[in-house]
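Structure, as structure tokens:
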Amino acid sequence: MREIRKAVLPVAGWGTRFLPATKAMPKEMLPIIDKPIIQFIVEALINVGIENVIFVTGRHKKAIENHFDYNHELEEHLKKAGKEKLLKEVVQIANMVNPIYVRQKEQLGLGHAVLMAEPAVSNEPFLVALGDIIIENEEEELKKMLKLFRKYGNSIIALMEVPESEISKYGIAKVRELDNETFIIEDLIEKPSPEEAPSNLAIVGRYAFTPTIFEKLKTTKPGRGGEIQLTDAMKLLLEDEAIYAYKVNNPVYDTGNPLDYLRTVITFAFKREDINGKLRDFLKGILNEERTLS
Ligand code: G1P
């Protein structure tokens, strides 16, 4: 089996939970303070040796293309203003990645989006990273995934434990434990009710796939929400190939809905020394005011 060199980032979704902010911009460009969500993910992919990032885009392609490109006007402005640090940063974003843009013309589901990347991936194993999730120390988790892929040569998925109330937001796995750090997938179900769920182990949105997944995606029927689901294609893959899994140890931040997004922004703001103190005072103030009023 060949080394994994490519990663697919599906970024063509409507982002309906964030309208109107996502009317003209993909939700993956929403900032966590001053860095778009997608940049966190691309940085981690590049840091573990991914050479090509394939963005499966929709109507909002421009914002992402521009973000990972040079902006000479801005660079000139920053140079004149003596803002060397910012200048270095914006140039570095353009330097970091060799992007490939693939257009998903119809939004038929996550599985369909991944299938659109087939001509760019061709017959190679590849990663998929979803833009709803940011993982702290993501490099560590991706390295685990790549290590397991090298060991087994099979598809690998990252899992996380979720509380019962969150189960219906995720794809859920039925697993058998192989050793301390590895599971083998026995079954998968996309967004089950807590009663239907075989476990509380949710698919995080980071996958390593053998190219066989493309064959399976071609025969996957619309599932949950009438969409072609990646989880359903993995279920088909299980008929021919084993899928392995591991549990992520680092904190996972969901950014896929306004409340979780806000939680993520606040958590990251507390990690920033330049914001931390004043934000704490501000939030304390709000909470005190609320207490006085109620
Ligand atoms: C997708 C997948 C789901 C996975 C989730 C992780 O769902 O279909 O299996 O658990 O991402 O974020 P989405 O959040 O796109 O509805």
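Quick note: the coordinates plus some simple rules give every number you see, no bench work behind them. Quick caveat: nothing in here was measured; it's all calculated off a predicted structure. Glycine also receives a Cβ, built like all others from the backbone with ideal geometry; neighbour counts cover every protein chain displayed.
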- Ranked highest first by average number of other Cβ atoms within 10 Å, how do 160-171, 26-37, 266-277 line up? 26-37, 160-171, 266-277
- Among DSSP beta bridges whose residues both lie in region 146-294, state the antiparallel percentage, nearest 5. 75 percent
- Note on the structure: DSSP beta bridges in region 1-149: the antiparallel percent, rounded to 5, is 10 percent
- Count neighbours as other Cβ atoms within 10 Å of each site's Cβ, and list the trypsin sites (Lys or Arg not before Pro) in region 62-111 that are DSSP loop with at most 11 such neighbours. 105
- Task: Would you pull out the residues with amide H under 5 Å of residue 133's amide H, same chain only if 5 or more places away, H placed 1.01 Å from N?
- Result: 255
- All other residues with a Cβ under 12 Å from the Cβ of residue 38 taken together, and with Lys, Arg as +1 and Asp, Glu as -1, what is their net charge? -2
- Query: Could you give the nm distance between label points at residue 219 and residue 257, where each point is 7 Å from its Cα heading toward the beta carbon?
  - Reply: 3.5 nm
- With a sphere of radius 14 Å drawn around the Cβ of residue 236, what net charge do the other residues whose Cβ falls strictly inside it have (Lys, Arg +1; Asp, Glu -1)? -3
- Query: Based on DSSP, what percent of beta bridges with both residues in the chain are antiparallel, to the nearest 5?
  - Reply: 55 percent
- Query: Among the helices of the chain (complete DSSP H runs), which have Cα atoms covering no less than 15 Å along the helix axis and a Kyte-Doolittle mean of at least -0.5?
  - Reply: 37-47, 84-95, 258-270
- Can you list the lysines whose alpha carbon is less than 18 Å from that of residue 147, not counting same-chain residues fewer than 8 positions off? 6, 247
- Just from its helices, what would the mean residue ellipticity at 222 nm be for the chain, if runs of 4 or more DSSP H residues each count -39500 (n - 2.57) and the sum is divided by every residue, rounded to the nearest 500 deg cm²/dmol? -11500 deg cm²/dmol
- Item | Relative contact order (percent, whole number), the chain, Cα cutoff 8 Å, 6+ residue spacing | 21 percent
- Query: Are there chymotrypsin sites (Phe, Trp or Tyr not before Pro) in region 1-72 that DSSP puts in a loop and that have at most 15 other Cβ atoms within 10 Å, and which ones?
  - Reply: 14, 70
- GNM of the chain, Cα pairs under 10 angstrom: of 82, 58, 223, the biggest fluctuation goes to 82
- Message: Please report the net charge: other residues with Cβ closer than 15 Å to the Cβ of residue 158, K and R +1, D and E -1.
- Response: -4
- Given +1 on the Cβ of Lys and Arg, -1 on the Cβ of Asp and Glu, and no further charges, what dipole in debye does region 1-130 carry about its Cα centre, rounded to the nearest 20? 340 debye
- Message: Just to be sure I understand: with springs between alpha-carbon atoms less than 10 Å apart, which residue in 72, 60, 112 has the highest mean-square fluctuation in the Gaussian network model of the chain?
- Response: 72
- Give, rounded to the nearest 20 debye, the magnitude of the charge dipole that the chain has about its Cα centre when Lys and Arg contribute +1 at Cβ and Asp and Glu contribute -1 at Cβ. 660 debye
- Farthest toward the dipole's positive end in the chain, which of 116, 98, 133, given Cβ charges of +1 (Lys, Arg) and -1 (Asp, Glu) about the Cα centre? 98
- Query: Stretched out fully, how many nm does the piece from residue 168 to residue 124 gain, at 0.36 nm a residue minus the Cα gap?
  - Reply: 12.6 nm
- Task: May I ask you to compute the full-extension gain from residue 85 to residue 107, defined as 0.36 nm times their residue separation minus their alpha-carbon distance, rounded to one decimal in nm?
- Result: 4.0 nm
- Note on the structure: Per DSSP, the loop-located GluC sites (Glu not before Pro) within region 172-253 having at most 10 other beta carbons within 10 Å are 195, 239
- Based on other C-beta atoms within 10 Å, arrange 57, 292 from fewest to most. 292, 57
